[in-house]
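The structure appears right after this line, and notes come after that.
The values are calculated or read from the model by the stated rules, or taken from the named source; none is laboratory data. Everything quoted here is computed from the prediction, not taken from an experiment. Virtual Cβ from ideal backbone geometry, glycine too; neighbours counted across all protein chains shown.
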Amino acid sequence: MYIVQIASECAPVIKAGGLGDVVYGLSRELETRGHCIELILPMYDCMRYDHIWGIHDAYRDLWVPWYGGAIHCSVYCGWVHGRLCFFIEPHSADNFFHRGCYYGCKDDNMRFAFFSKAAMEFLLRSNKRPDVIHCHDWQTGLVPVLLYEIYQYNGMGTQRVCYTIHNFKHQGIAGAEVLWATGLNREDYYFHYDRLQDNFNPFALNMMKGGIVYSNAITTVSPHHAWEARYTPIGYGLGHTLHLHQHKFTGILNGIDYDVWNPTSDRYLPFHYSSDDLEGKAKNKTALRKRLMLRDSEKPIVCYIGRLDDQKGVHLVHHAIYYALHRECQFVLLGSATEPGIHSHFAHERYILNNNPDCHLELGFNEELSHLIYAGADMIVVPSNYEPCGLTQMIGLRYGTVPIVRGVGGLINTVFDRDYDENHLPEERNGYVFYQTDYNALESAMDRAIGLYYEYPEEFRQLVVQGMACDYSWNHPGEDYVEVYDHIRYK
């Protein structure tokens with residue numbers, strides 16, 4: 001198959017979150033399966049140009065219709081770690097992608113409406129006719145709308161669209177200007193509940209909703225999150241729309257790159273190890289203590305790696321620090337706050353705990369250190385309020401670090417409680433799960449994990465080995481996406 005991915009991110013050249021990792025990882029997996037993959041991305045001024053090889057002109061004079069005129073664009077081509085990518089650079093006073101940032105501008109709606117229009121215009125003018133166009137999140141929600149309302153009548157009548165939603169919270173709420181700018185125009189037609197009208201604001205358009213309504217297949221990033229999006233507030237108002245289109249909506253679990261996250265060959269680790277020989281993990285634990293100046297002891301290390309914000313259950317992260325210390329554990333945190341208030345709170349805790357030989361709080365992100373923490377820690381807490389998929393628990397399992405997670409989203413699809421999971425055999429269980437958002441629930445799960453470590457070390461080691469045996473690579477998601485593509489191609 002010939003598949004074009006249209007997205008606002010692709011790691012490592014453009015990465016603001018997990019979206020970039022997914023776009024790159026899925027593209028690579030599909031290529032290994034023999035499919036032809038191309039990516040279309042915005043050409044941001046702040047992206048990592050050092051990760052692009054052989055960049056050159058691909059289409060010099062792309063004129064993208066915009067309002068009553070057209071914006072001149074250049075399209076560049078290059079390889080990002082083996083993936084063929086096309087970068088669209090508009091030449092206009094708007095400077096859509098020359099902002100020094102990927103997101104966060106007041107006109108983000110117009111920036112990505114333009115990107116969606118430019119991507120479709122590039123496919124049309126360059127005579128690219130993919131079997132499937134795979135687009136992602138609200139930033140490309142207008143792609144299927146443009147395809148089925150305009151471009152299918154201009155020679156693109158056989159293309160099909162798979163639309164993946166990574167985060168329902170951000171939906172691209174816009175006004176009628178995106179219609180007039182992109183050439184969709186007809187306000188009365190699109191301001192309709194069955195099309196782009198926002199479910200709760202009759203005077204607004206919802207670009208993510210447009211993607212849901214017009215695409216041939218909709219996916220989100222884990223099976224349980226697909227259920228949550230339809231039946232809980234996690235759908236952020238799109239539950240009824242997803243219900244109406246349930247026949248084409250499914251959840252496919254993300255994967256992680258097993259070449260990057262591999263304890264047998266990880267270039268950031270001083271000692272390599274596997275499930276057959278865990279001696280290297282113990283040595284990494286010692287190396288982690290030396291690096292962070294923690295006391296050398298027989299205590300287990302509990303860690304947290306990730307953003308510090310409300311989505312991640314920041315109140316439970318804070319509580320986990322003190323409960324771990326209370327239960328004679330060491331605690332290591334690596335995280336960057338998304339709000340000044342949260343940063344100040346954890347900076348204060350870092351000051352309070354600065355002289356504690358069993359605790360280290362690292363505020364910020366350090367790729368090298370994150371690998372060492374995964375390898376050196378014994379347990380990792382992931383107490384998210386909601387988590388569409390989650391990667392940290394998968395990486396923790398890969399590195400033999402037992403996850404303690406809240407039973408939401410992709411966490412419930414990847415971590416199976418050692419004591420209470422009735423859907424998996426004892427030899428398939430790999431961690432601990434709690435469901436409520438209160439301190440007692442977190443303490444209960446942590447207490448069971450820490451108790452097993454201290455009282456039944458051989459059983460804890462077996463749990464580590466069982467977690468390392470899990471396969472959360474891109475292999476299975478790649479197969480699932482190929483099935484989705486095949487299904488919509490022949491509809």
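Here GLY410, GLY451, GLY478, GLY396 are screened, and the one residue that is in contact with a strand residue (DSSP E or B) (Cβ under 7 Å, 6 or more places away or on another chain) and not acidic (Asp, Glu) is GLY396. Checking the stated criteria, GLU328 turns out to be surrounded by fewer than 19 Cβ atoms within 10 Å (Cβ to Cβ), modelled with pLDDT of 95 or more and either within 20 Å of the chain's Cα centre (by Cα) or not in a helix (DSSP H, G or I) (or both).
Just to be sure before I move on: is GLN436 among the polar types (S, T, N, Q) and assigned to a helix (DSSP H, G or I) in the structure I sent? Answer is no for this residue. Considering only residues that are of a type in the set (Gly, Ala, Ser), assigned to a loop (DSSP other than H, G, I, E, B) and under 18 Å from the mean Cα position of the chain (by Cα), look in the stretch 378-406 and name the one that is surrounded by the most Cβ atoms within 10 Å (Cβ to Cβ). Per the criteria, the residue is GLY390.
Taken together, the criteria place THR286 among residues that are of a type in the set (S, T, N, Q), surrounded by fewer than 21 Cβ atoms within 10 Å (Cβ to Cβ) and assigned to a helix (DSSP H, G or I). Under the condition of being of a type outside the set (Ser, Thr, Tyr) and either farther than 25 Å from PHE365 by Cβ or buried (at least 22 other Cβ atoms within 10 Å of the Cβ) (or both), the residues counted in the stretch 7-24 number 9. When the stretch 250-263 is filtered for residues that are of a type outside the set (Gly, Ala, Ser) and either over 21 Å from ARG291 (Cβ atoms) or in the same structural domain as ALA229 (by TED's automatic domain parsing) (or both), the ones remaining, listed by number, are THR250, ILE252, LEU253, ASN254, ILE256, ASP257, TYR258, ASP259.
The set of residues from the stretch 163-194 being of a type in the set (Lys, Arg) and either buried (at least 20 other Cβ atoms within 10 Å of the Cβ) or in contact (Cβ under 8 Å) with a residue 24 or more places away in the chain (or both) comprises just one member, LYS169. Going through (1) part of a strand (DSSP E or B); (2) in contact (Cβ under 8 Å) with a residue 24 or more places away in the chain; (3) within 23 Å of TRP180 (Cα to Cα) one by one, HIS72 falls short only on (2). Just give me the residues in the stretch 361-377 being within 22 Å of LEU19 (Cα to Cα) and buried (at least 24 other Cβ atoms within 10 Å of the Cβ), in sequence order. Result: TYR374, single match. The single condition from (1) in a strand (DSSP E or B); (2) aromatic (Phe, Trp, Tyr); (3) surrounded by fewer than 21 Cβ atoms within 10 Å (Cβ to Cβ) that PHE87 fails is (3). For the stretch 3-60, taking the residues that are of a type in the set (Asp, Glu) and touching a Lys or Arg at 6+ places or on another chain (Cβ under 8 Å), the one that is modelled with the lowest pLDDT is identified as ASP21.
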